[in-house]
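For reference, the structure is listed below as structure tokens.
Values quoted throughout were computed directly from the atomic coordinates according to the rules given, and no laboratory measurement underlies them. The model shown is predicted, which means the values in this text are computed figures rather than measured ones. A quick note on method: Cβ atoms are made from the backbone with ideal geometry, for glycine too, and the neighbour counts reach across all protein chains shown.
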Amino acid sequence: MKVLDESGEDNPYLLGVYAPVQEEITADQLKVVGEIPKDLNGVYLRNGPNARFPMRGRYHWFDGDGMVHAIHFENGTARYRNRWVRTRAFEAESAAGRSLWTGVMENPKANPFGNVRGLNLKDSANTDIVFHQGRLLTTWYLCGSPYTMDPLSLETLGAQTFLDTLTGDVMAHPKVDERTGELFWFDYGPKPPFLRYGVVGPQGTVDHLVELDLPGARLPHDMAITDNYAVLMDLPLFQDLDAARQGRYKLTFDRSLPSRFGVIPKRGRADQIRWFEAKPCYIYHVVNAWEEGGEIVMDVCRVGRPAPSGGGSVLARMISYLKLDARMYRYRFDLTTGTTSEEYVDGDHNTEFPSIDLRMTGRKSRYAYNVSVKQAPTNLFDGLVKYDNLTGAKETYYYGEHRYGSEAPFAPRDGGAGEDDGYLVTFVTDDREDRSEVQILDAADITKGPVARVLLPQRVPLGFHATWVRSDQLP
Ligand SMILES: [Fe+2]
């Protein structure tokens, strides 16, 4: 079955390397080129949109049903699995045998239900995948229920309510502090409180929640933590309110407003938040943040021009809005003076989907591993870029013509201590052959190319976020 939408248009995000797959596979007799390192033990998991049924109305890349593709490495062997996330909406559509929801480019009024605090849109859990307290959480970019999944079987275990203490939604990129087991998150909505910040404590319950005042509804995507603080964002890209009243989803970027970063003690009250102003921009992803000499340093992939100008069809506008165009960028928030300084880490290269050694979340980290975004109308990741904070050096590896990768988290070698003492793992899809493979790179020198390639039984459509779960974290 070819899965398209009702528009009759050739939507590139439903075709070629993006086209959804229809089979859920488990495979362990996989062809390997090179040798899988025996000290690479754990699971690489990647989430992404994979529409099960032809979409009602027009399809947006963010609309597809979440599907997780995983490769489990154990003592030199590899096993591949892919499964849809069984969200409530997915189960309802599966029972009906067709799409029941329209996507973000249509009026959602007639949809069966939405998330807790937002619009009546389908929570597809298709965006990120985060490991917390022994379980995977799959998340949705407009905030939704974090659906839990078993890291090995990929069985959906249901919507995570944190022992019935979650009262709203969770955004795409909650942050885990591995040292304490805490999970830091926010949610937002079109009505006040526009932003809520919460913490899931070591007991697995939401034990801290504050409502934060913003000038209006916003669309923050990510946040940061340090040893003592959380950093939240109020960026001048938001939903056009007139369009929203008419049931349309339209974004506007108000260049006259600053970007604002809210620094709050991790378990602080709403009145303890301090806002730091900076030049207007949008930010999808934080690389990392830490405290250093009275300042908070925060590295991000910064989008300088989030609302591309120009008209065209609705589909053409969707494609141009979706196109990532970001640069590695550093903020310093001075906790004494309340001032911000900002500068490019790399003003040239369009890189995104950053990864670090997750054990360093909130602490000063040396390396960042970003994907290189190809100059093309749609989002294609043509290589990897390694940034060294200490020396300022940059290393790149390109997959070669027609080959596109996914987010490539750092996978520490067994017993490895350093932030590049291990591997990067990514799916690579070749658009000429309609097939995918897994590439394993030596994180200490990505320029050498893969140390091993595992050929997969089906194509992995290009998608969103990935993570690595070490074998010592597995149940
Ligand atoms: Fe994201």
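Odds and ends about this structure:
- Taking the DSSP bridge list for the chain and keeping only pairs wholly inside it, about 100 percent are antiparallel.
- Unit charges at the beta carbon, dipole of the chain: most positive-side option, Ser355, Met223, Phe410: Met223
- Separation between Cα centres of the stretch 319-385 and the stretch 92-161, rounded to whole Å: 27 Å
- The chain, helix-only ellipticity at 222 nm - DSSP H runs n ≥ 4, -39,500 (n - 2.57), divided by all residues, nearest 500: -1500 deg cm²/dmol
- Fewest-first ordering of Ile129, Ile25 by other beta carbons within 10 Å of each residue's beta carbon gives Ile25, Ile129.
- Listed from fewest to most Cβ neighbours within 10 Å, the set Thr337, Thr161, Thr156 follows the order Thr337, Thr161, Thr156.
- For the chain, the convex hull drawn through the C-alpha positions has a volume of 137 cubic angstrom per residue.
- Net charge over other residues, Cβ less than 14 angstrom from the Cβ of Tyr80 (K, R count +1; D, E count -1): +3
- Size of charge dipole - the chain - debye, nearest 20, with Cβ of Lys, Arg +1 and Asp, Glu -1, no other charges: 900 debye
- Ordering Arg218, Arg274 by the number of other Cβ atoms within 10 Å of each residue's own Cβ, fewest first, gives Arg274, Arg218.
- Span from the the stretch 177-250 Cα centroid across to the the stretch 1-35 one, whole angstrom: 33 Å
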